[in-house]
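To keep things clear, I will list the structure first and then write my remarks on it.
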Amino acid sequence: MNFAAIERQNLIGDSFGLCFFNVGINFFEPREEIISIIKTENVHSSSIDKYGFVGMGSAMNWTFYLTKMNLLSTISYCFIKDYILEVENYSDLYKTFENIKSANCWNQNQKFFISSAAILPDYELQFKKMIQIVMEEKLNNVVIMIPIQANDSTFQIYYWAEIYRERCKPKKYSKFLTCKFGNLMVPDNFTENVTSTKCSLKVKAVVWPPYVILSTKMNKTFRHKPVGDIAIKGIEVELMNVVSKYLKIRVEYYPSLKNDWGHLNFDGSATSTMKDLMTRKVDIAIGSFSISYSRTVIFRMSQSYDEDHVILCVGYNSYVKFWSAFFNLSGLKLCFFILITYVLLTTLIWKTSQSCEGEHSRYRKATLSYLYCFAVLIGISVNVLPSTRRARIFFSLLLIFELFYVAFYESLLASLLSTAKNEQTIKTLYDIFDQNMDIYGASYNQRYLSRIDTRLEKQILKHWIDCEDVEECLEDVFINRNKAICIDENFKNYELRNSIREDIPGIYCLKQRLISYPIGMIMRKTLPIKEKIDDIIGRCAAGGLIDKWSSSAYSNGVRKAYTDRDDVEGTLKFSNLKPIFNVVAVGYILFGVVFFVELSYLHFLLYKN
């Protein structure tokens, strides 16, 4: 037996295990979920068995999913996990990648730890081919480790990543490390190359108050060059400034002046901001982004620091229609009481006058008595008063009642003319349907409708109109009472609290919230400072800074003026009194016509005689 060969084989196996472990703990993070794809046939190497994988995972608190290449599809949600691939040569690596793609587990943002313990005579060629395959696949985080030669326990390591040990680099870089007897050896010039002079974060900021507010000094055109925090402000900008301060990282803001949050499609493609994150044009996106499952799968989401709600709003419909308010000024009970009092006192005057011979003849007749008393009741003077004492007593009671009634009615009328009755007519979602009102809404909000009742969803979509500019649609709802809008509640609060006409209600929002969702930052998968950002967010929220920034955004925002609505006021305007003047004008016209006809008829009679 060749004891030297056995010792050499054990030495290579031990060295591979140690190197594998040391590279793994530097590459993966604790508590990661890792899929380990192993080969079962034609493996003539000192590969680690599955117990070795599980043991290494336990040491770092990793979750291992051991599987064969043909059983990869049995693992659910495999595209959100990282990979350890055990291959023999570059063709084996190519086949493994094809299997991952066929199982719908492919994600370029995930980590790939590719290892080979096979002792190959043409290891340099194999190494270059593997690197070429990795570069063609445009992977972001890769480690390749293969042995150099048969007579040594040294392994060549190729490391490709955007960020190394949380140090920022403007471009990707690749480095070769060496592992001998389990010890990682770094070349002398390696540290100099990875050290960054200035670390900066590229932040895509979608302007959406109160989270990202555009300064009035900035031109309203999309800018591809970064701007400082002076040009924009808001809750999330303040939060990013704190991150910049405590992590000593310079933040570059790339504002977007249109609502281009973007979409993630089922085929893996993306648009707008989502595409910028996937293509690594930016590192973080802010601007009232909701934390959704699809975004969590592809990107890294920060800890939530606020909550928003999707609501329905309509034009405030509590304007006063003069005639309805005028006739409803006195209630039915009061009108009935006035009528009974009038009938009672008039009847007593009439009956008393009949029993008194010296009373005027007009009050001894029922029709004339009721006519004269009614004139007194409405404040018109009469040329003949009762002459007897008994009738005058009841007539005085009628005059006193008239004085109190007229004073009471005039006070109510003055109150009506000075204060409107704020009673909203459209209060529920079904009122909107009954009025057949159009519902404005941004296209991105349609995704929330599937979470509510199916019947309501169909009704809302039936009246739905896509709104490209939410601010313009909100102003249209403010002006036109036959429109509604599906809008985010925090944005609505900011827009209305910072409008110049704050005394006008303008908008009435239904109490029913369609959906609620948490707000967070979206980061690309390869950003390693997510935990530190979460820690800063937690501290800011616990210290009340989020609430402070929110109050400041509402009170110090850019003030806007909405167009006046003629029928919405806190008090009655002169235009509401037009019906009265129109009636008076018509009366004068009729009076003039009658007077002219009588005068003409009189002249005709005189001429005839």
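The values are calculated or read from the model by the stated rules, or taken from the named source; none is laboratory data. As the structure is a computational prediction, the values presented were derived from the model and not from experiment. Methodologically, a virtual Cβ is constructed for each residue, glycine included, from the backbone with ideal geometry; neighbour enumeration extends over all protein chains shown. Please note that ligands, DNA and RNA were not included when accessible areas were found on the heavy atoms of the full protein model with its side chains. Shrake-Rupley method; radii C 1.70, N 1.55, O 1.52, S 1.80 Å.
Give me the distance in nm between label points sitting 7 Å out from Cα along the Cα-to-Cβ direction at SER443 and SER215, one decimal.
For SER443 paired with SER215, the spin-label model returns 3.3 nm.
When you count, for each residue, the other Cβ atoms within 10 Å and take the mean per peptide, how do 429-439, 19-29 rank with the highest first?
Put in order of decreasing packing, that is 19-29, 429-439.
Mind checking the full-extension length gain between LEU403 and GLU357? Use 0.36 nm per residue of separation minus the Cα-Cα distance, one decimal, nm.
Length gained, LEU403 through GLU357: 13.6 nm.
Sorted by packing (mean other beta-carbon atoms within 10 Å per residue), highest first, where do 93-100, 208-215 land?
Packing order, densest peptide first, comes out as 208-215, 93-100.
Return the distance in nm (one decimal) between the two label points of a simple spin-label model at THR341 and LEU371, each offset 7 Å from Cα along Cα→Cβ.
Inter-label distance under the simple model: 2.5 nm.
What FRET efficiency, computed as 1/(1 + (r/R0)^6) with R0 = 25 Å and r the Cβ-Cβ distance, is obtained for THR74 and SER292, rounded to the nearest 0.05?
Here the calculated transfer efficiency is 0.45.
Give the calculated FRET efficiency between ARG250 and ASP547 to the nearest 0.05, with a Förster radius of 22 Å applied to their Cβ-Cβ distance.
E(calc), rounded to 0.05, equals 0.20.
Output the pairs from LYS258/LYS483; LYS138/LYS532; LYS202/LYS548; LYS204/LYS530; LYS248/LYS530 with a Cα-Cα distance over 18 Å in this structure; if there are none, say none.
With Cα atoms farther than 18 Å apart: LYS258/LYS483; LYS138/LYS532; LYS202/LYS548.
Calculate, for THR428 and SER387, the FRET efficiency according to 1/(1 + (r/R0)^6) with r their C-beta to C-beta distance and R0 56 Å; round to the nearest 0.05.
With R0 = 56 Å, the Cβ-Cβ based efficiency is 0.30.
What full-extension length gain, to one decimal in nm, is calculated for ILE589 and LYS532 as 0.36 nm per residue of separation minus the Cα-Cα distance?
The span from ILE589 to LYS532 would gain 12.3 nm if fully extended.
Roughly to the nearest percent, how much of the accessible area of segment 243-292 is carbon and sulfur, given a 1.4 Å probe?
Carbon and sulfur atoms account for 52 percent of the accessible area of segment 243-292.
Taking the solvent-accessible surface of protein heavy atoms with a 1.4 Å probe, what is the per residue accessible area of segment 77-116 in Å²?
Here the per-residue accessible area is 36 Å².
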